[in-house]
Amino acid sequence: MANELILIVEDNEKNLKLVRDVLQYKGYQTIEAGTGEDGVRLARERGPALILMDIQLPGIDGITALGQLRADPATRAIPVIAVTASAMTQDRKKIMAAGF
């Protein structure tokens, strides 16, 4: 999968830089979005091989963004991994129920 395009949807600059730097070091191409809306737009425009999605985002949250991606035939098959600091049991259940 190296050299594949990965979309990182993250509003925290430090977290974004860390993930981007690690992925690029490993040979992946990355594009970034700071909001759920921009993440959905970039996924539709660029068709990444994978999306790393924060859950707590400005505008629409990661769960809503995932719903929009799954509703669109052009993006529904793209794997999406939740990247979040939400570690409480109830948060995990909500995230898993959303399809992450």
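Just so it is clear, none of the values below were taken in a lab; they were calculated from the coordinates. Bear in mind the structure is a predicted one, so any value in this text is a computation, not a measurement. Backbone-built Cβ (ideal geometry, glycine too); neighbour counts: all protein chains shown.
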* To do: Label the chain by shape, choosing from rounded, prolate and oblate, from the square roots a ≥ b ≥ c of the eigenvalues of the Cα gyration tensor; if a/c is under 1.5 it is rounded, and otherwise prolate applies when a/b is larger than b/c, oblate when it is not.
  => oblate
* To do: Could you pull out every residue, at least 5 positions away or on a different chain, whose amide H is within less than 5 Å of the one on Thr30? Hs are placed 1.01 Å off N in the peptide plane, and Pro or chain starts have none.
  => Ile6
* List the residues of region 19-34 whose backbone N lies under 14 Å from a point placed 7 Å from the Cα of Ala49 along the Cα-to-Cβ direction. => 23-31
* Structure fact -> If the chain between Gln29 and Arg76 were fully extended at 0.36 nm per residue, the gain over the current Cα-Cα distance would be 14.8 nm
